[in-house]
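> Got a structure for you, written out below as structure tokens; questions coming shortly.
The values are calculated or read from the model by the stated rules, or taken from the named source; none is laboratory data. Nothing here was measured: the structure is a model prediction, and the numbers come from that model. Here the Cβ positions follow ideal geometry from the backbone for every residue, glycine too, while neighbour counts run over all protein chains shown.
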Amino acid sequence: MLTAGAIGMRLKRVLPPLAVMAAIVAVWWIVVVETESAIFPTPWQVVTGALELAQDGTLWDHIGASLFRVGTGFLLAMLFAIPLGLWMGWVGGAYLTLNPIFQMLRPISPIAWIPLAILWFGVGDVSPIFLIFISSVFPMIVQTTSGVHTIERRYLRAAANFGVSRSVLFRQVVIPAVLPQIIVGMRIGIGVAWLVVVAAEMIALRSGLGYMIMDSRNAGNRYDLVIAGMIIIGLIGLMLDGATRLLERLKTVRWRYVR
Amino acid sequence: MSVKIDVRNVTKSFTSDKGPLPVIGGVSFSVADGEFVAIVGPSGCGKSTLMNIIAGFERADAGTVTVEGAGTDRNGPSPKGIVISQHGSVFPWLTVQQNLMFGLNGDGHGNKALLADHYAAMVGLKGFETSYPHELSGGMLKRVELARALVVKPEILYMDEPFSALDALMNLRMRTELLRILDEERHTVLLITHDVEEAIYMADRIMVLSPRPTTIQTTFDVSLPHPRRLSSPAAQELREAILLELGLQVI
């Protein structure tokens, strides 16, 4: 049970952003009505359009398709980036050899890979998964590597002093020390992944939220559905970030966020 | 008594922009088994470097360090001698109990959790076994570090300004605690400190180091019985003599 005080605190935090959002919706509504726009929808038309898609099920299919691509690409990127980042952080030679390559690939926008993705993988599910992999793998490698580099020397010295085995050193010192940085990498990674999946789906697929937006425009100027799609993308992005932020509450990483 | 640590003609220089910077200029001494030796010296004189060499974290340019029982192939740190330093190295991501069990990974330690809890109780951490370090105060963290060292039954404790990051009151309390624990489990202790009173309160022998490149300037034997009263005339006299060696005239 929440006490009255706790509810009051929550209201104080939630009310200002809600008020701003309400103001934006109000202005939007007034402007559309005043200008008598034939094509730009009112907020209510967006809501009814979204409900219509939700009722016939296509909305859920699109959301599911997008989340599946992000989930698969992001998971593959994690499986690749975390061990690689740990290795590059630990072994100086690996860092010197691979870091310049990754630093060069990193600033290339994942969108620039779309032509290559289509060439290599066609227009199925594999292309967007590949693009998500490409977009989220570099931030996770970089964060993990720098996490290893910034482990405080006194902890490594203590481990050396106690003469522990390599496996204990990794399991009980290196990995827990780097974990907060890995979580930061995951947050950045999932953010770009979500950004990219929508862009990738705009190109040539037949499902996903990106496809839904392009299709709504092309098939009859349904701008209500375009805007509904945008808002849903924003909300899901918020939820994905919130889910990765939950990892920061893990007891073994609390130390990084106190004091 | 047998010799535990033997340091012979150790020298060490660091390279700097202006050429080599001699830090240790030939230090020799030995520490007997079970002895408590304190090293005091002006700040920046190379005390910590000397301890790092003895504990195996750094190599001397010349000279030898022999630690009894560690063999001749002693090339690095070993759990036979555990370092406790000013800023501590308790792992913040492990609970108190997990920290204490950290060094117990070899075999032959029996029930690790039981052993860890025994030492936690010895340093006064009973009831905090499942706490994380960020939930503890500075003094309690020091106790965790001490217990984590004791649990692996080291023969030597290397203490580098162990209590100087604590507040004055906790500093005094930890001295007494340390002596009580050493009474239960006899360890050889090498203490580095800039706190002359801390050295007088605990050590059997105090060596005063000279400024860089450091050598042993004087050695004082402390034969006062425990528990020592720092206000006693003998302790005050010793304190003044040591401070004089460090270049401080006491009025």
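> Among the residues in region A:122-143, are any assigned to a helix (DSSP H, G or I), exposed (fewer than 13 other Cβ atoms within 10 Å of the Cβ) and not charged (D, E, K, R)? Even if it seems obvious, please write down each step before you answer.
So in region A:122-143, the residues assigned to a helix (DSSP H, G or I) come out as A:126-143.
Narrowing further to those that are exposed (fewer than 13 other Cβ atoms within 10 Å of the Cβ): none.
There is no residue in region A:122-143 that is assigned to a helix (DSSP H, G or I), exposed (fewer than 13 other Cβ atoms within 10 Å of the Cβ) and not charged (D, E, K, R).
> Still on this structure: If you go through region B:77-93 one residue at a time, how many are more than 7 Å from chain A (Cβ to nearest Cβ) and either assigned to a loop (DSSP other than H, G, I, E, B) or farther than 16 Å from B:GLY138 by Cα (or both)?
Residues in region B:77-93 being more than 7 Å from chain A (Cβ to nearest Cβ) and either assigned to a loop (DSSP other than H, G, I, E, B) or farther than 16 Å from B:GLY138 by Cα (or both): 5 in total.
> Name the single residue, out of those in region A:103-157 being more than 14 Å from every other protein chain (Cβ to nearest Cβ), within 23 Å of the chain's Cα centre (by Cα) and among the small types (Gly, Ala, Ser), that is farthest from B:VAL90 (Cα to Cα).
Per the stated criteria, the residue is A:GLY124.
> Which condition does B:GLU58 not pass, out of (1) surrounded by fewer than 21 Cβ atoms within 10 Å (Cβ to Cβ); (2) more than 13 Å from chain A (Cβ to nearest Cβ); (3) at pLDDT 90 or above, if it passes all the others?
(2)
> Kindly provide the set of residues from region A:158-189 that are part of a helix (DSSP H, G or I) and more than 26 Å from the chain's Cα centre (by Cα), ordered by number.
Correct list: A:ALA158, A:ALA159, A:ALA160, A:ASN161, A:ARG166, A:SER167, A:VAL168, A:LEU169, A:PHE170, A:ARG171, A:GLN172, A:VAL173.
> Any residue at all in region B:107-120 that's part of a loop (DSSP other than H, G, I, E, B), within 14 Å of another protein chain (Cβ to nearest Cβ) and touching a helix residue (DSSP H, G or I) at 6+ places or on another chain (Cβ under 8 Å)?
yes
> Does region B:194-205 contain any residue that is over 17 Å from B:GLU240 (Cα atoms), touching a Gly at 6+ places or on another chain (Cβ under 9 Å), at pLDDT below 90 and surrounded by fewer than 22 Cβ atoms within 10 Å (Cβ to Cβ)?
no
> Does region A:82-121 hold any residues that are aromatic (Phe, Trp, Tyr) and surrounded by 12 or more Cβ atoms within 10 Å (Cβ to Cβ), and which are they?
First, pick out the residues of region A:82-121 that are aromatic (Phe, Trp, Tyr): A:87, A:90, A:95, A:102, A:113, A:120-121.
Answer for region A:82-121, where residues must be aromatic (Phe, Trp, Tyr) and surrounded by 12 or more Cβ atoms within 10 Å (Cβ to Cβ): A:TRP87, A:TRP90, A:TYR95, A:PHE102, A:TRP113, A:PHE121.
> Moving to a separate point now. Only one of B:GLY44, B:GLY25 is in a loop (DSSP other than H, G, I, E, B) and either over 15 Å from the mean Cα position of the chain (by Cα) or among the hydrophobic types (A, V, I, L, M, F, W, C) (or both). Can you tell me which?
Details: B:GLY25 fails: in a loop (DSSP other than H, G, I, E, B).
Only one candidate qualifies: B:GLY44.
> If we scan region B:66-75, do we find a residue that is modelled with pLDDT under 90 and farther than 15 Å from B:LYS4 by Cα?
Taking region B:66-75 and keeping what is modelled with pLDDT under 90, we get B:66-75.
Next, from what is left, pick out any that are farther than 15 Å from B:LYS4 by Cα: B:73, B:75.
Yes; the residues of region B:66-75 include at least one that is modelled with pLDDT under 90 and farther than 15 Å from B:LYS4 by Cα.
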